[in-house]
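Below: one structure, written as structure tokens.
Every number here is computed from the coordinates shown, using simple stated rules; none is lab data. None of these values were measured; they are calculated from a predicted model. No Cβ is skipped: glycine too gets one built from the backbone with ideal geometry, and neighbour counts run over all protein chains shown.
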């Protein structure tokens with residue numbers, strides 16, 4: 001089985017599937033036998049992840065990495081658009097917020113800190129506007145409920161009834177967008 005091995009001061013062995021292939025992160029002290037045993041134990045998971053990535057590539061095509069210039073343009077657009085969307089939805093949610101930061105991340109669409117600062121992925125500018133709005137509302141609702149409980153989703157749906165459809169769009173199409181970040 002092909003994989004890339006990365007050793008570090010971590011305490012456990014971890015597997016990560018990326019479009020480039022399987023990554024095995026292991027402690028310096030881990031033996032090759034321990035790594036091979038973990039790979040054998042998780043062979044089904046590895047196969048499913050490879051199939052999922054192959055299906056995404058077939059559906060969306062190979063992910064063309066965004067250039068540094070394209071990322072700067074998306075970030076500039078997001079800095080203009082997202083604060084306006086947050087300002088529109090914050091009164092509807094009934095909250096205020098602190099600073100808004102725009103990043104380009106490979107795994108998150110948004111976050112809300114305990115201090116009330118919001119962070120959003122510039123790749124949201126490549127999604128439909130209602131999907132962007134659903135992420136903004138999601139993060140603003142964390143100002144009311146800091147978890148993903150039923151109460152949290154009741155607040156999200158109160159303000160944005162089409163939330164589940166937008167979340168499904170992100171789950172289906174988001175991985176292809178996230179793959180465009182070239183580390």
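Evaluate E = 1/(1 + (r/R0)^6) for residue 5 and residue 58, where r is the Cβ-Cβ distance and R0 equals 35 Å; express this FRET efficiency to the nearest 0.05. Walk me through the numbers on the way to the answer.
Numbers: r = 28 Å, r/R0 = 0.80.
E(calc), rounded to 0.05, equals 0.80.
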> Gap in Å between the Cα centre of segment 18-60 and the Cα centre of segment 101-146?
Replying inline: 29 Å
> How large is the helix-only mean residue ellipticity at 222 nm for the chain, computed as the sum of -39500 (n - 2.57) over DSSP H runs with n ≥ 4, divided by its residue count, in deg cm²/dmol to the nearest 500?
Replying inline: -16500 deg cm²/dmol
> Taking only Cα atoms, what is the 0 to 90° angle, nearest 10, from helix 129-141's long axis to the longest principal axis of the chain?
Replying inline: 90 degrees
> Per the Kirkwood treatment, what hydrodynamic radius in Å, one decimal, follows for segment 4-60 from the mean inverse distance over all distinct Cα pairs?
Replying inline: 12.1 Å
>> Rounding to the nearest 10 and keeping the result within 0 to 90°, find how far the Cα-based axis of helix 43-60 lies from the longest principal axis of the chain.
In response: 50 degrees
> So for segment 1-134: antiparallel DSSP bridges make up what percent, rounded to the nearest 5?
Replying inline: 45 percent
> Across the chain, how large is the tail of the calculated P(r) beyond 27 Å, expressed as a percent of all Cα pairs?
Replying inline: 42 percent
>> For a bin width of 10 Å, list the pair-distance distribution of segment 60-156 built from all Cα-Cα distances, rounded to whole %.
In response: 16, 48, 27, 9, 0
>> How tilted is helix 163-178 with respect to the longest principal axis of the chain? Cα atoms for both, answer in degrees (0 to 90, nearest 10).
In response: 50 degrees
